[in-house]
1. Just checking, which of 156, 164, 201 is closer than 20 Å to residue 116 by Cα and either within 19 Å of the chain's Cα centre (by Cα) or part of a strand (DSSP E or B) (or both)?
2. Would you mention how many residues in region 9-45 are surrounded by fewer than 17 Cβ atoms within 10 Å (Cβ to Cβ) and more than 12 Å from the ligand (Cβ to nearest atom)?
3. Cβ contacts < 6 Å: first residue over 28 Å from residue 153 (Cβ atoms), restricted to region 124-136; second residue surrounded by 20 or more Cβ atoms within 10 Å (Cβ to Cβ) and modelled with pLDDT under 95, any location; separation 6+ or different chain. Result?
4. Could you please give the count of residues in region 16-58 that are assigned to a helix (DSSP H, G or I), free of Cβ contacts under 8 Å to residues at least 24 places away in the same chain and over 18 Å from residue 75 (Cα atoms)?
5. Does region 155-163 contain any residue that is over 25 Å from residue 216 (Cβ atoms) and surrounded by 18 or more Cβ atoms within 10 Å (Cβ to Cβ)?
6. From (1) more than 22 Å from residue 103 (Cβ to Cβ); (2) without any contact (Cβ under 8 Å) to a residue 12 or more places away in the chain; (3) out of contact with any strand residue (DSSP E or B) (no Cβ under 8 Å at 6 or more places or on another chain), pick out the condition that doesn't hold for residue 153.
7. Out of (1) farther than 24 Å from residue 27 by Cα; (2) surrounded by 14 or more Cβ atoms within 10 Å (Cβ to Cβ), what's the single condition that is false for residue 220?
8. Consider residue 142 carefully, then state whether it is in contact with a strand residue (DSSP E or B) (Cβ under 7 Å, 6 or more places away or on another chain) and not in a strand (DSSP E or B).
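The values are calculated or read from the model by the stated rules, or taken from the named source; none is laboratory data. Please read these numbers as outputs of a predicted model, since none were measured by experiment. Positions of Cβ are generated from backbone atoms using ideal geometry, with glycine treated the same way; all protein chains shown enter the neighbour counts.
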Ligand SMILES: [Zn+2]
């Protein structure tokens, strides 16, 4: 017996069609999996259901205890993965990985100085965004040049100082991928030199962002600074 359609629907909505283990957005490839298999008496209830992508589904389903390779996914562990992910989605503060991509392009290269342009892309799934506002926060030590971004102020987060910039925009249609900051008229370029590289010796510097949009509660995230350059 498969899960009743209402249970499936609950699982898909609660998971945002993301895999509860690896958190990848899986769209139509998502599976609603029995945590305890039906053959072992697992019921067709929400409590026994988890959304998994194809590869995690294969991983969770195929474990031969007579030839153990790797580490088995236990029902208890799967339930914990699921509950953590559902709580994260419900809080609205999770970063659905399919929504936001942070990239950069190097625009200047010398031995002493690299310059990079930030690329911030947003895909809005099935929703319509009528307006949005993005805050990007660079470590205060970083030299940043911007075009069409407002230079707001300095903020402190977890004892670290950041310079904060804002960009606002209008509609993003369902299924559209939008570049909120990038290669066109709205951009932020940042420099990395020896001194800055040294300042991040402990690898604790971060780049942060918060996206406010009409289609969801604010999304926020960060990247380790060392992933923002190749200096
Ligand atoms: Zn997965």
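1. The unique qualifying residue is 164.
2. Of the residues in that region, 16 qualify.
3. What qualifies is 124/172.
4. 2
5. Yes, region 155-163 contains a residue that is over 25 Å from residue 216 (Cβ atoms) and surrounded by 18 or more Cβ atoms within 10 Å (Cβ to Cβ).
6. Among (1) more than 22 Å from residue 103 (Cβ to Cβ); (2) without any contact (Cβ under 8 Å) to a residue 12 or more places away in the chain; (3) out of contact with any strand residue (DSSP E or B) (no Cβ under 8 Å at 6 or more places or on another chain), residue 153 violates only (3).
7. (1)
8. yes
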